[in-house]
């Protein structure tokens with residue numbers, strides 16, 4: 001397939017978003033939004049670095065790549081609207097596989113009412129997918145990592161470690177409970193868009209999505225907000241059958257595993273009940289897992305309190321060299 | 001250098017655009033523009049496919065990659081505002097080289113008052129740079145390929161073939177006139193932003209930037225506008241010393257060479273004088289090189305009229321398989 005035919009094959013015939021002025025087919029896309037702030041992010045995923053066909057079908061690769069990007073929009077409290085896909089295609093990827101990869105993105109995009117409005121397709125030695133996402137948030141209402149304040153409750157959505165557990169099962173075939181559940185958590189994560197949007201009714205929320213493990217994300221909030229954060233490791237939410245994995249891996253995955261694309265954040269005690277109502281309305285598991293410190297120390301760190309009630313520094317991990 | 005230090009090293013300390021609400025440092029960037037339409041495009045450049053360090057320094061690679069993207073904004077009549085850079089970095093690229101690559105982008109961005117508001121840095125086997133650009137255009141005033149009408153004048157800015165000529169000299173060292181001039185045209189092309197913006201005063205202009213050669217770009221206008229276009233090959237503007245190259249290459253480069261990032265388009269005869277004034281005001285070489293056909297034929301093609309006054313079909317070329 002040449003580039004022209006390929007673009008035609010993935011081009012949407014109609015656009016869901018009324019703000020599209022010009023979609024695919026010119027030098028650039030055009031959209032209009034005069035009432036809201038515009039939120040944008042880009043992420044790149046490289047074969048054998050971020051994913052492998054040994055554990056994922058092309059459909060999953062597309063789905064998960066877009067999910068990671070949508071999760072960034074959710075972490076800003078933004079409504080997803082558009083995506084642009086730039087892809088480097090090596091010769092060993094067949095046309096049908098590429099079509100499936102785009103199908104995976106399209107599948108998730110449809111759930112979130114997103115339109116594909118641009119992109120680029122080029123040749124190269126290894127497959128890499130760059131996705132730019134664009135979303136909208138009401139003026140001045142974007143949610144930042146820098147909004148945490150001493151006394152806040154630390155919360156997290158969903159369950160942690162499931163994505164890594166799924167990856168573990170895929171790489172270590174054997175007898176495991178709820179295999180399909182963990183596969184899905186790894187291959188088709190669900191960014192917490194509905195919950196994040198409903199938080200718009202709260203006056204202040206610090207928000208981050210868990211792409212690199214809660215310890216890292218809490219560190220990012222801690223640094224940006226200039227506060228210290230304490231996490232009760234035992235309170236971290238995990239799936240019922242998560243206990244089947246070695247204890248050491250359980251801790252590793254839930255604290256540093258990442259790619260669960262759940263949300264972690266902080267909220268004032270006064271608004272905790274309101275947040276719980278948002279969680280109920282959007283059918284989102286929500287749990288209090290720690291607190292923001294009142295300490296006057298200049299050190300902005302994250303601490304973990306373990307089973308034995310020992311408090312230890314939780315440093316950034318899993319934040320490897322340029323990966 | 002780890003990812004964190006690297007991002008810090010390229011992060012702008014201040015933002016030039018007043019529309020920035022949140023730059024680099026959260027899950028996504030936020031900006032606000034309530035009065036204009038938003039224009040966005042993405043392009044990816046892969047080492048040894050789109051550029052080589054044999055003919056370009058890292059500075060040039062960065063400069064030229066961003067230039068190609070800015071050119072897309074110019075072709076829409078949009079004012080450049082932001083860019084996001086997602087880069088796949090192989091081990092053999094040194095930190096200093098990467099820094100120079102970003103310097104190249106920053107250099108051109110500064111000329112156009114653009115801010116770097118986001119990106120991603122990941123590991124991989126080959127260097128590839130994905131740049132997302134965002135610009136603004138007054139509501140409903142984006143310039144499309146689909147606006148050409150029979151009777152229009154076909155115009156082009158600058159000179160054609162110079163980028164390919166520069167590439168030729170770099171690959172075939174020898175005695176050539178004005179080497180530096182051609183090197184620069186290849187390595188540091190100047191997108192025609194000022195000219196494109198001033199065209200806002202005209203009522204209708206079809207516009208495309210020359211990334212793949214004027215024959216291809218004219219074909220895109222022809223298809224999108226459902227018209228036929230005739231190009232007088234002898235009228236195509238070239239540099240004075242362009243005659244030093246073999247006649248066959250001269251024709252090949254100016255028609256199919258691409259990467260000059262000049263603008264090609266069509267304008268009503270009634271507005272041709274106004275366009276010439278815009279060219280004068282913005283110091284932009286502008287030339288009439290053909291016309292849009294009055295024919296009622298359903299066939300939307302591009303024809304070239306050669307030296308011997310022979311009219312021949314100019315098909316798409318240089319539009320290789322997924323490059």
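The values are calculated or read from the model by the stated rules, or taken from the named source; none is laboratory data. Owing to the predicted nature of the structure, the values given are computational and were not obtained by experimental measurement. We place every Cβ from the backbone using ideal geometry, glycine too, and count neighbours over all the protein chains shown.
Values as computed for the structure displayed
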read-out: Residue A:113 being more than 12 Å from chain B (Cβ to nearest Cβ), touching a strand residue (DSSP E or B) at 6+ places or on another chain (Cβ under 8 Å), more than 21 Å from residue A:266 (Cα to Cα) and surrounded by fewer than 21 Cβ atoms within 10 Å (Cβ to Cβ); value: yes
read-out: Residue in segment B:207-218 that is within 14 Å of chain A (Cβ to nearest Cβ), touching a strand residue (DSSP E or B) at 6+ places or on another chain (Cβ under 8 Å) and over 20 Å from residue B:265 (Cβ atoms) present; value: no
read-out: Which numbered condition residue B:102 misses (of (1) farther than 14 Å from residue B:7 by Cβ; (2) more than 10 Å from every other protein chain (Cβ to nearest Cβ); (3) part of a helix (DSSP H, G or I)); value: (1)
read-out: Number of positions in segment A:225-245 that are part of a helix (DSSP H, G or I), within 19 Å of residue A:146 (Cβ to Cβ) and out of contact with any strand residue (DSSP E or B) (no Cβ under 8 Å at 6 or more places or on another chain); value: 0
read-out: Residue tally, condition touching a strand residue (DSSP E or B) at 6+ places or on another chain (Cβ under 6 Å), in a loop (DSSP other than H, G, I, E, B) and over 14 Å from residue B:133 (Cβ atoms), over segment B:49-76; value: 1
read-out: Some residue of segment B:289-307 being crowded, with 16+ Cβ neighbours inside 10 Å, modelled with pLDDT of 95 or more and under 29 Å from residue B:66 (Cβ atoms); value: yes
read-out: Any pair with Cβ under 6 angstrom, 6 or more apart, that starts in segment A:56-82 at a residue that is within 9 Å of chain B (Cβ to nearest Cβ) and ends at one that is in a helix (DSSP H, G or I); value: A:74/A:193; A:74/A:196
read-out: When residues of segment A:116-128 are limited to those that are surrounded by fewer than 24 Cβ atoms within 10 Å (Cβ to Cβ) and assigned to a strand (DSSP E or B), the one farthest from the other protein chains (Cβ to nearest Cβ); value: A:116
read-out: Failed criterion for residue B:34 (all others in (1) at pLDDT below 95; (2) more than 7 Å from chain A (Cβ to nearest Cβ); (3) farther than 24 Å from residue B:123 by Cβ hold); value: (2)
read-out: Tally of residues being outside any loop (DSSP other than H, G, I, E, B) and either without any contact (Cβ under 8 Å) to a residue 24 or more places away in the chain or at positive phi (or both) across segment B:4-21; value: 4
